[in-house]
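Report on the structure given below.
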Amino acid sequence: MVVIFRMRNKTIAFVGDSLGRQQFQSMMCMVSGGEHIIYVEDAAREYGLVKPRGAKRPDGWVYRFTKTNTTILYYWSASLSDLVPINSTDKASDVAMHLDRPPAFLRRYLHRFDVLVLNTGHHWNRGKFEGNRWVMHVNGKPNENKEFEDIRNAKNFTVHTFVRWLDSQLTSHPRLKAFFRTISPRHYRNGDWNTGGTCNNTIPLTYGSEVLQDGSNDKVVESAVRGTKVKLLDITAISELRDEAHIYRTFHAYGMKRQFYEDTTRSCAEEEMKGGDGFRTTGKKISVAMLALVWMTLLLWDWETNPFVYTHVSTQYQSNTPPGIAPACIHCDPNNSTESMEPAEMKTDGDKYQSLEKEEGKEPMKNGDD
């Protein structure tokens, strides 16, 4: 609960893919102590996060601890780019993926945040692009840059463009502290997800116990934030050491055949989220990276003079965490995708973008379902 009191009248926002969602859930688990808390209210409607008709879930969650007016939220944006249906009247429409435009949600609500934690990475693959019907756009029109046919180049362009935009906003939002979290590693051994590979090790620190490097393994994010006011939250190398965190298996409907995979997407914390008059969690595992984030938050408000190094979670970290305390969101998922255990969903910023268009005096797009 110390975090909540230190964050009085402040808002912590997680924006990204399922890894960001899991950090949000872990944070809620820790600050609630795994108990039902009556002074937590669902504030999702303030941010337009209402589950669309027919959707499995809303695009995010927002909870407010009323005793301290502390708000913790998560918003789904797997690519950190603006997603808008090309034909809003057709649910099967392709989706314009504006690589050079941040999500409308962030453009609209950035001024309300005090701490922003971002991530992207595992959705930048051909399978996700095709499954979500994402079509790259740049400068408001379909992409013509052949270099972006290599999705790695498109990701690099998007991350750098996004960070430049965010850095430019921090001057007018001086209280906002922004962090970009690095990608979580995959741990398949002796093959890949579809060639007999496994990530079922149960012995902690089997492949090492130290991180001695100075640089990040996530070169894209490290390069993007260099020279900006956006800080690097580097969890990649320390997460690499904890492949035994994959203790959780699930059945996955793959076409007509039931396949059996190690699902590591939710191996670090198992949560039950309830809106309405309270919040309850049943999480059992707290992640190293999540603990680092809490520590970061506790020290945040005098961080300029604090000796703690924020550029990396640790550049020389002795991983002596006991078994069962698992690094955040270590993945060994199919198709190199954090959401591969679920059917592909079309996620767009269409509704939010229309609101911005109206505010900016432009002709809004027709409404479409996410």
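The values are calculated or read from the model by the stated rules, or taken from the named source; none is laboratory data. Worth saying up front: this structure is predicted, and the values here are computed from it rather than measured. So basically every Cβ, Gly included, is an ideal-geometry build from the backbone, and we count neighbours across all protein chains shown. Quick note on the areas: whole protein, heavy atoms, side chains included, nothing else; ligands and nucleic acids left out. Shrake-Rupley method; radii C 1.70, N 1.55, O 1.52, S 1.80 Å.
Given the conditions (1) within 17 Å of the chain's Cα centre (by Cα); (2) open to solvent by less than 10 Å² (accessible area, probe 1.4 Å); (3) farther than 18 Å from ARG112 by Cα, and given that VAL31 satisfies all but one, which numbered condition is not satisfied?
Just one mismatch for VAL31, condition (1).
Between PHE105, PHE24, which is crowded, with 17+ Cβ neighbours inside 10 Å and at pLDDT 95 or above?
That would be PHE105, the only listed residue that is crowded, with 17+ Cβ neighbours inside 10 Å and at pLDDT 95 or above.
Among the residues of region 179-214 satisfying the criterion of being touching a residue at least 60 places away in the same chain (Cβ under 8 Å) and not in a loop (DSSP other than H, G, I, E, B), which is nearest to ALA237 (Cα to Cα)?
Looking at the filtered set, the residue picked out is VAL211.
From ARG57, ARG64, ARG126, ARG45, which residue is under 30 Å from ASN153 (Cβ atoms) and open to solvent by 20 Å² or more (accessible area, probe 1.4 Å)?
ARG126
Has region 144-166 got any residue that is out of contact with any helix residue (DSSP H, G or I) (no Cβ under 7 Å at 6 or more places or on another chain), free of Cβ contacts under 8 Å to residues at least 12 places away in the same chain and not acidic (Asp, Glu)?
Yes; the residues of region 144-166 include at least one that is out of contact with any helix residue (DSSP H, G or I) (no Cβ under 7 Å at 6 or more places or on another chain), free of Cβ contacts under 8 Å to residues at least 12 places away in the same chain and not acidic (Asp, Glu).
Report whether or not ASN190 is over 24 Å from the mean Cα position of the chain (by Cα) and open to solvent by less than 50 Å² (accessible area, probe 1.4 Å).
Criteria not met by ASN190.
Among (1) in a loop (DSSP other than H, G, I, E, B); (2) open to solvent by less than 10 Å² (accessible area, probe 1.4 Å), which single condition is LEU116 missing?
Here LEU116 clears every test but (1).
Just need a number here: residues in region 1-21 that are closer than 14 Å to ASN69 by Cβ, out of contact with any Asp or Glu (no Cβ under 8 Å at 6 or more places or on another chain) and either small (Gly, Ala, Ser) or open to solvent by 30 Å² or more (accessible area, probe 1.4 Å) (or both).
Of the residues in that region, 4 qualify.
Identify the residue in region 157-186 that is under 25 Å from GLN22 (Cα atoms) and among the aromatic types (Phe, Trp, Tyr) and, among all such residues, is surrounded by the fewest Cβ atoms within 10 Å (Cβ to Cβ).
Across region 157-186, the extreme among qualifying residues is PHE179.
Any residue that is over 25 Å from CYS29 (Cβ atoms), outside any loop (DSSP other than H, G, I, E, B) and either aromatic (Phe, Trp, Tyr) or more than 18 Å from the chain's Cα centre (by Cα) (or both) - is there at least one of those in region 73-90?
Yes - at least one qualifying residue is present in region 73-90.
Can we say ARG152 is farther than 28 Å from LYS10 by Cα, open to solvent by 10 Å² or more (accessible area, probe 1.4 Å) and either assigned to a helix (DSSP H, G or I) or among the small types (Gly, Ala, Ser) (or both)?
Answer is yes for this residue.
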